[in-house]
Amino acid sequence: MLNGLAMNTGEPLNFQEECGNKPIDGELLQDIIQRQSDCSIIAKKSRNGDGAKGTTGMNWVARDTTAAHCGGERLSTKRAVLTLMAKRNPSIKFTSITGMLIDEGFLGECFWELKRNKAPGIDGVSVEEYGKNLVGNLKGLVKRIKVWKYKPQALRRSYIPKGKDEKRPLGIPAVEDKIVQMGIKKILEAIYEADFLDVSYGFRPKRSCHEALRMLDKAIMTEPVNSVVDMDAKKYFDTIDHSWMMRFLKERIADRNLLRLIGRFLNTGVMEDGRYTEVDKGTPQGGLISPILANIYLHYVLDLWFEKKMKKEIKGYACLIRYADDFVVLFQRHDEAKRFGEILKERFNKFGLSISGEKSRIIEFGENVWKKFRQEKRAVETFDFLGFRHYCDRTRTGAFKLGRKTSPRKYGQKTIAINLWLKSVRNKVKLNEWWKIFRMKLAGHYRYYGVSGNYVSLDKFYWQTRELALKWINRRSQKKSFTYPQYEKFLEYHPLPRPVIYHSLYTLSH
């Protein structure tokens, strides 16, 4: 039954009549769950549900099996009910959900979802070590959470390459803190997936960057797009304002314990080279709750504001597409695009954010612009989004189409990373061992960048990395290991994966 919960009696459970606009506490949630006669809930896609917001457009039915999200991610009945409540009544505020949901069984489920190959936090305890006394550890953890004595440990600072000369800071939590963060993440997702708009794609179930690219292609090919606002929030994860973050969370959550837990994670300091540093803003990258908190922040700052307010003031076509902090806005009228760019800067400043000047532009782009510039013998500008450079291209018959290829900046970063990895591994591991990893790295690159129209970039990457491999094989010692014919023979028996187009993104023009 659409937008309802099918009971054993066949009657829908009306949450608005049941709950009204009052806060949802643990007792009311437990009462609703008990009245389901222990039947689980499964979300099934409606045939007419394409383009619906959040979980709208799904059929919710009762079954005798464990509840599961349509994307395969298992949800408990309690969290499924949270999602239904949030979906049916946007004004509901949830209370006492921490006491209802966070127990040893729930945190045990979170523990088994942790990746085993990740670096430990400042205490040096790995996932395997924590699991040796899992029952006792979880029992003590739940007790501390219940009496408000749980406090996260400081994050261990680490850095990963971001560009040629840049590094991105990561905050690595302790295993115990990862477990609690995983639990909070599940609870927040259960509530906010009903609120998030379809324009948001980053770090959400059943949504990927390729879906965002497909939406971009469809909009440019079928709508009257003449301008693109290409914006990027400067150091977004490091500049999120904590006070605004908590105010946004209180729009949906009235559980003081849950809010206190999230606040403690936001204010957790960083340990680097034996020195402790306090933080008063930002959500450190590396934490499991950072992506969902970042999405909630921009949901209120950008998504809702654009859909509910800005669109009412815009006369022509306008469309926002966002993946995490990277977003583009398409406009029919260039004057409205420029006006939006100025208003957006003020909007971001109000909430402690800023626009990156280097990565942000407003350009003329689209089919009409392409035709006009061709007559004037001018080149249409390009823009980068999600690692791809988008440009105006034409089909074999001369019609307009949106072209895309690997962004030159990303291409350079990938080749540099492969080169450094080959250099570091050539003498540490035997050739037949690191060659398997090398093949997987290439396959992963094709999986992401293997989109329609990008075969030339993939093929170039294949040949360049192939030559880099030969270079570092021959630098394992003063004597060359392979001549080129020998290398070709080696590749016959140990071939590298060739480029493959995995994602078809083309949309026929109207």
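Worth a mention:
- Only residues that are among the β-branched types (Val, Ile, Thr), open to solvent by less than 20 Å² (accessible area, probe 1.4 Å) and over 30 Å from Ile220 (Cα atoms) were counted in the range 396-424, giving 2.
- Any hit, the range 496-510, residues being without any contact (Cβ under 8 Å) to a residue 12 or more places away in the chain and surrounded by fewer than 18 Cβ atoms within 10 Å (Cβ to Cβ): no
- Residue ranges of helices (runs of 4 or more DSSP H) in the range 269-385 with at least 1 members among the basic types (Lys, Arg) and buried (at least 16 other Cβ atoms within 10 Å of the Cβ): 334-350
- Residue in the range 476-483 that is open to solvent by 60 Å² or more (accessible area, probe 1.4 Å), without any contact (Cβ under 8 Å) to a residue 12 or more places away in the chain, of a type in the set (Lys, Arg) and closer than 20 Å to Arg426 by Cβ present: yes
- Among residues that are among the small types (Gly, Ala, Ser) and open to solvent by 20 Å² or more (accessible area, probe 1.4 Å), Ala469 is not included.
- Of all the listed residues (Lys460, Lys405), the sole one being part of a helix (DSSP H, G or I), within 30 Å of Glu211 (Cα to Cα) and at pLDDT 95 or above is Lys460.
- Any hit, the range 495-506, residues being among the polar types (S, T, N, Q) and farther than 30 Å from Thr382 by Cα: no
- Of the residues making up the range 232-241, those that are surrounded by fewer than 18 Cβ atoms within 10 Å (Cβ to Cβ) and assigned to a helix (DSSP H, G or I) are Asp238, Thr239.
- Test set (1) farther than 22 Å from Phe388 by Cβ; (2) open to solvent by less than 50 Å² (accessible area, probe 1.4 Å) - Leu442 fails condition number: (1)
- Qualifying position, being in contact with a strand residue (DSSP E or B) (Cβ under 8 Å, 6 or more places away or on another chain), hydroxyl-bearing (Ser, Thr, Tyr) and closer than 18 Å to Arg322 by Cβ, among Ser227, Ser208: Ser227
- The listed residues are Gly105, Gly131, Gly140, and the only one of them that is free of Cβ contacts under 8 Å to residues at least 24 places away in the same chain and surrounded by 15 or more Cβ atoms within 10 Å (Cβ to Cβ) turns out to be Gly131.
- Residues in the range 386-395 that are free of Cβ contacts under 8 Å to residues at least 60 places away in the same chain, buried (at least 19 other Cβ atoms within 10 Å of the Cβ) and in contact with a Ser or Thr (Cβ under 7 Å, 6 or more places away or on another chain): Arg389 alone.
- Within the range 145-167, the set of residues being within 30 Å of Asp273 (Cβ to Cβ) and open to solvent by 80 Å² or more (accessible area, probe 1.4 Å) comprises Lys149, Lys151, Tyr159, Pro161, Lys164, Asp165, Glu166, Lys167.
- From the list Glu223, Glu278, Glu211, the one residue that fits, being of a type in the set (Asp, Glu) and touching a residue at least 40 places away in the same chain (Cβ under 8 Å), is Glu223.
- Residue within the range 187-205 that is of a type in the set (S, T, N, Q), within 30 Å of Ala417 (Cβ to Cβ), open to solvent by 10 Å² or more (accessible area, probe 1.4 Å) and not in a loop (DSSP other than H, G, I, E, B) present: no
- Against the conditions (1) closer than 19 Å to Leu170 by Cβ; (2) at pLDDT 95 or above; (3) small (Gly, Ala, Ser), Ala318 satisfies every one except (1).
The values are calculated or read from the model by the stated rules, or taken from the named source; none is laboratory data. As the structure is a computational prediction, the values presented were derived from the model and not from experiment. All Cβ positions, glycine included, derive from the backbone under ideal geometry; neighbour counts span all protein chains shown. Note: areas computed on protein heavy atoms with side chains; ligands, DNA, RNA excluded. Shrake-Rupley method; radii C 1.70, N 1.55, O 1.52, S 1.80 Å.
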